[in-house]
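One structure is given below, encoded as structure tokens.
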Amino acid sequence: YFEKKKSPTIAKWADKIDLKNKKVKDFIEFIHYARPIQSFSVSNWDWNYDEDVKSKKLEDINWIQSIEKKYEATSDAFLKNRYWFQVIKGYFYSNKPENGVLFFEKTGEKQPKNTLYYRALSYIAGITGHMGNRAKSNYLYSKVFDKCPKLQTVALFCFSPKEEKDWSEAFNYAKNNDEKVALWAIQGYYTDAEKAIENIFNLNPKSDYLEFLLARLINSEEIKISKNFDKQTVGQNKLAIRDSISKTVVPLIDKIAQSNKTLKPYLWNCAAGYLQSLDGNFSKADSYFSKAEKEMPKTSLAINQLRLLKFINNLSKIDEITPKNEGSILDDLNWLYFELPQKQPENFRYENATSWSKNYIATLFRSKKNSMMSELFIRDNQFYHDNSKILAMKAFLIKDNKSPFEQMAKKIYSIKLTQINTYQAVIATYKNEIPEAIA
């Protein structure tokens, strides 16, 4: 179009944009070269499932080479960087992808380490893997993961050692401890967070990947925990939890917390305290939480998280509900059941603790044959089949002198006195006891 100075297209656009401006012309020229390559990077879905659809390959290598000449001829750094990227992208979608690797090796060091550079590195990692060097491919993806937050998800999905040797051999390409840490971090995400934490701590205890993997490790331990209170006493449930958590995780997190070498020691003290609580060492957990409280930032999220962990520990100490025990947990229960749902603090997850605490308290009451108080915390589908229990619940709901703990329990109970009366009326009607139903 630029060559046909008087074409209708030029006439149409000359009034809208300054076609004589060099930057405008350079931009349109760049689009001219980049657009054909873009067409190969966009998936064209074919809804005929019976047909084996193979991705198209860019076969016009001359086109890529013309872009390479533009890269070499352009002096503008911004454009040069983008033509450079288009060359690598073009080779990635071509039937000569190995040319992209050669071009990157020749020119990569001259490029700014921006997002385009790491997108290009992702293409090179993909080509390298398809060429059969899966170890180096994974090493390159770990570099993208480490250096470019915007592409971390891409790097995670593409990182794929098929065999143990693909993973172990990737370390042969690592040039320093930081690159080894990145490899451990991405591997820890996929498989063994515990092993990754141990190795990263030995390489660089200040690595911020440690906190990310710690959260993942704690979560994986929580998933293994027995949450079955139905046929267990509290003591049996505690034993099941202790048996389910890893015997090597607790001492590892202890060691790291006690080292005080990490970027955020308070997080490790919180984690160590929580694991000790799950392991039944409640006084040791208290000690870790006290240390965390002195070190942590005074943000609402940190304060809420520590309070929740301390509550879990304090409730776990209780083997029998007594007036003294009720008082020791009442403030935290009101906070957990009423304040938090009303405030909805951002990024603070407490729902599992809510359901766990209700199960825990209900089981304590059930073990003492106090089915009425147990029902207030966890509904029993059989409870209202027993008339004596119905009368006990009605008496409780209407009594005036409830303790603070009983008042809290009544507030969380989903069944109201009106519903119980309606239920009794329906049952009486089915029995043809009409006067009683009306009463």
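The values are calculated or read from the model by the stated rules, or taken from the named source; none is laboratory data. No experiment lies behind these values; they were computed from the predicted model shown. Neighbour counts run over all protein chains shown; Cβ positions are idealised from the backbone, glycine included. Heads up: the accessible areas ignore ligands, DNA and RNA and are worked out on the full protein's heavy atoms, side chains in. Shrake-Rupley method; radii C 1.70, N 1.55, O 1.52, S 1.80 Å.
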Dipole in debye (nearest 20) - region 273-348, about Cα centre, beta carbon charges: Lys, Arg +1; Asp, Glu -1: 260 debye
Qualifying GluC sites (Glu not before Pro) in region 78-166, DSSP loop, other Cβ atoms within 10 Å at most 10: E163
C-alpha long axis of helix 234-244 to longest principal axis of the chain, angle in °: 20 degrees
Extent along principal axes [Cα atoms of region 293-439; Å; largest to smallest]: 68, 31, 27
Among D400, D208, D380, residue whose mean-square fluctuation peaks in a GNM of the chain (springs only between Cα atoms under 10 Å): D400
D380 long-range amide H proximity, modeled H, under 5 Å: none
Computed FRET value (nearest 0.05) for D243 with E295, which takes r as the C-beta separation and R₀ as 25 Å: 0.20
Links that overshoot a 32 Å alpha carbon limit, given the list K20/K147; K70/K165; K317/K410: K20/K147; K70/K165
Charge dipole magnitude, Cβ of K and R +1, D and E -1 - the chain, Cα centre, debye nearest 20: 1200 debye
Signed unit charges on C-beta, dipole axis of the chain, positive-most listed residue T128, P265, I329: T128
Integer Hz, Karplus 6.51/-1.76/1.60 couplings in order for region 293-310, x for Gly and Pro: 4, 6, 9, 6, x, 8, 8, 4, 5, 5, 5, 5, 4, 5, 4, 5, 5, 5
Listed residues K411, K264, K343, most fluctuating in the chain (Gaussian network, C-alpha, under 10 Å): K343
3J(HN,Hα) from dihedral phi, region 132-143, Karplus parametrisation 6.51/-1.76/1.60, rounded to Hz, x for glycine, proline: x, 9, 5, 5, 5, 4, 5, 4, 5, 5, 5, 5
Pair-distance profile P(r), taking every C-alpha pair of region 199-269, with 10 angstrom steps and integer %: 18, 42, 25, 12, 2
Fraction of accessible area attributable to carbon and sulfur, region 227-376 (%, probe 1.4 Å): 50 percent
Folded to 0 to 90 degrees: helix 22-41 orientation relative to the chain principal axis, Cα: 70 degrees
Within-14-Å neighbourhood charge of I398 [Cβ basis; K, R +1; D, E -1]: +3
Choice from N202, N114, N347 with maximal GNM fluctuation in the chain (Cα, 10 Å cutoff): N347
Interchain or long-range residues, amide H under 5 Å from S94's placed H: L58
Fraction of accessible area attributable to carbon and sulfur, region 52-143 (%, probe 1.4 Å): 50 percent
Quotient of C-alpha Rg and 2.2 N^0.38 Å, computed over region 181-222: 0.98
For Rg and Dmax of the Cα atoms in Å, calculated from these coordinates, the label among (1) 21.6, 79; (2) 40.0, 172; (3) 32.6, 100: (3)
Shape of region 48-149, Cα gyration tensor, a/c cut at 1.5: oblate
Cα lying deepest toward the dipole's positive end in region 323-430, options I378, L417, P404, charges on Cβ: L417
Nearest-10 value in Å² for the accessible area of H32, using the 1.4 Å probe: 110 Å²
Phi-based couplings in Hz for region 94-100 (Karplus 6.51, -1.76, 1.60; Gly and Pro marked x): 9, 8, 10, x, 4, 5, x
Neighbour net charge for L417 - beta-carbon separation under 11 angstrom, K R +1, D E -1: +3
Anisotropy class of region 223-337 from Cα gyration tensor, a/c 1.5 cut: oblate
Å² of accessible area per residue within the chain, as computed with a 1.4 Å probe and no ligands counted: 58 Å²
Cβ-based net charge around V87, under 14 Å, with every Lys or Arg adding one and every Asp or Glu removing one: +4
Theoretical ellipticity at 222 nm over the chain - DSSP helices of four or more residues, -39500 (n - 2.57) apiece, nearest 500: -21000 deg cm²/dmol
Which listed pairs, of K343/K394; K324/K402; K238/K368; K110/K175; K247/K310, have C-alpha distances above 26 Å, in listed order: K343/K394
Helix axis angle, 323-334 relative to the chain longest principal axis, alpha carbon, degrees: 40 degrees
Backbone N under 11 Å from the D230 label point (7 Å along Cα→Cβ), restricted to region 350-389: none
Accessible area (Å², 1.4 Å probe, nearest 10) - K317: 80 Å²
